[in-house]
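Chemist: Attaching a single structure in C-alpha cells format; questions to follow.
The values are calculated or read from the model by the stated rules, or taken from the named source; none is laboratory data. Computed from a predicted structure; not experimentally measured. Here the Cβ is made from the backbone with ideal geometry for all residues, glycine too, and neighbour counts use every protein chain on show.
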Amino acid sequence: MLIPGKRLQVFSIKETPEKPNEEKRTLWVKAGTAWVNRDGSLNVYLDVLPLDGKLHVREPLEDKRAESSNSRAASANGSSTQEAALADSMGGH
C-alpha cells in the first residue's frame, strides 16, 4: 500500500541464462530506495542503473514479516491491532 512517508525498496531483476538440465533462475539486485509522497507519487533514489531499463519497487521484506507476525500475535493473544502497532513502535518494550 502506498502510504505517504513509507520507504520502499527498488530492485533490478535479472534472469540467468538457461543451461541444459537447469531451471531458469532470477537474481535480485538492490538498485536503490523509493519514498511515497503525500500525493501517492514516488521519489526514487538509485544506487545503480539497470542494464535492461526495468525496475521493481516493493515494500521491504522485513516490514512485511513484522506486519505478519504482529497480526498473528495480536489474534493469538486476543489483543487489538492498535496495541500490537503501539508495542511495535516502542520496540517491543
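Chemist: Just the residues that are within 24 Å of Val48 (Cβ to Cβ), exposed (fewer than 14 other Cβ atoms within 10 Å of the Cβ) and either out of contact with any Ser or Thr (no Cβ under 6 Å at 6 or more places or on another chain) or basic (Lys, Arg) (or both), please, taken from the range 3-20.
Modeler: Selection gives Arg7, Thr16, Pro17.
Chemist: Does the range 1-40 hold any residues that are closer than 12 Å to Glu59 by Cβ, among the aliphatic types (A, V, I, L, M) and part of a strand (DSSP E or B), and which are they?
Modeler: Leu8, Val10, Ala34, Val36
Chemist: If you don't mind, another one. Pairs only if they're at least six apart or on different chains, beta carbon under 7 angstrom, first in the range 42-60 and touching a residue at least 12 places away in the same chain (Cβ under 8 Å), second of a type in the set (Lys, Arg) and in a strand (DSSP E or B); list them, first residue then second.
Modeler: From residues that are touching a residue at least 12 places away in the same chain (Cβ under 8 Å), the pairs are Pro60/Arg7.
Chemist: Going through the range 1-50 one residue at a time, which ones are modelled with pLDDT under 90 and among the charged types (D, E, K, R)?
Modeler: Hits for the range 1-50 are Lys14, Glu15, Glu18, Lys19, Glu22, Glu23, Lys24, Arg25.
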